[in-house]
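Asks: Sharing a structure with you now.
Each value in this text was obtained by applying a stated rule to the coordinates, not by laboratory testing. Worth saying up front: this structure is predicted, and the values here are computed from it rather than measured. Every residue, glycine among them, receives a Cβ derived from its backbone with ideal geometry; neighbour counts consider all protein chains shown.
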Amino acid sequence: MVPGRPFGIGGVGRARGMPTKPQRARMPSPQVLARLTGLWCWAYLVWVLLTWTLTVEQLLFGAVVALAVAVALAPLGEVAGPWRLLRPRALAGGAWLLVAAAGRVLLANLRLSRRIWDPRRPLASGMVITPTEERQDWGLAAVGVISSLIVDNQITDLDPRAHELQYHAVAVPDGDTGQAREQINGPVEDLLEPFHPRKRP
């Protein structure tokens, strides 16, 4: 302590050994809680679908595993909670997405079966690069997964900066990249439109 100067004035700090003021524990913000809840719901849904064992022990253990996964993934960013599917626009869009995707999968399987049964049909397989209008990470993931369920085309790579997707096609479509998009990933992107927030005029 400096002689002649009172303690705590003029830049003199707290004396050693004096207890500091206890800091209040920071409570999780509503955004963090919403993110954890959304992640937990998705992780728990995946657990139930993968295990498909509806016993009390299995469900409780899955809840704990889902919570651990949610805590581990929460720092990575925002997540769309499953409650967003309860909006009328998203609910109707989800139902139509399931029906339309199932129909495209069925037709693609029939076309592939016909090619197998009739080897005389010309086969022009190859790699195709198509533009994409999808800008969200979850949207790109959904487009890649859903379009690859249709056996005509399997996604192999993407370039988010150039907004392009690369597919291996059983039959390379005719025309330019825009026409290829209309046949491969364009219909899937249109089906995902109800899940995007409406653009303000």
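Asks: Treating only the Cβ atoms of Lys and Arg (+1) and Asp and Glu (-1) as charged, compute the dipole magnitude of segment 110-201 about its Cα centre; round to the nearest 20 debye. Can you show the working numbers first?
Replies: Details: 11 positive and 14 negative charges, 53 e Å.
That gives a dipole near 260 debye.
Asks: Exactly which trypsin sites (Lys or Arg not before Pro) in segment 87-176 are in a DSSP loop and have at most 14 other Cβ atoms within 10 Å?
Replies: The qualifying sites are ARG120, ARG135, ARG161.
Asks: Within segment 122-153, what residues put their amide N at less than 18 Å from the label point 7 Å along the Cα-to-Cβ vector of THR177?
Replies: 126-136, 140, 144
Asks: Provide Rg over Rh for segment 87-195; use the alpha carbon set for both Rg and the Kirkwood Rh (inverse mean inverse pair distance).
Replies: When Rh is taken as the Kirkwood radius, the ratio is 0.99.
Asks: Run the numbers for ARG135 and LEU33: contour at 0.36 nm per residue of separation, minus the present Cα-Cα distance, in nm.
Replies: Full-extension gain reported as 34.1 nm.
Asks: On to the next question. What does the net charge come to around GLY175 if you take all other residues with beta carbon closer than 11 Å to its beta carbon, with K and R at +1 and D and E at -1? The partial results should precede the final answer.
Replies: Working: positive: ARG181; negative: ASP174, ASP176, GLU182.
Within the 11 Å Cβ shell, the charges total -2.
Asks: Related question: Compute the distance in nm between two label points, each set 7 Å from the Cα along the Cα-to-Cβ direction, one at GLN154 and one at ALA92.
Replies: Those two pseudo-labels are separated by 3.7 nm.
Asks: Would you work out the relative contact order for segment 30-82, in percent, from Cα pairs under 8 angstrom that are 6 or more residues apart?
Replies: Numbers: 48 pairs, mean separation 31.3, N = 53.
It rounds to 59 percent for segment 30-82.
Asks: Let me ask another. Would you calculate the separation in nanometres between label points at ALA68 and VAL56, each defined as 7 Å from the Cα along the Cα-to-beta-carbon direction?
Replies: 2.3 nm
Asks: Considering the options ALA63, GLN136, LEU39, tell which one lies farthest towards the positive end of the dipole of segment 29-150, charges being +1 on Lys and Arg and -1 on Asp and Glu at the Cβ, about the Cα centre.
Replies: With unit charges placed on the Cβ atoms, the residue in question is GLN136.
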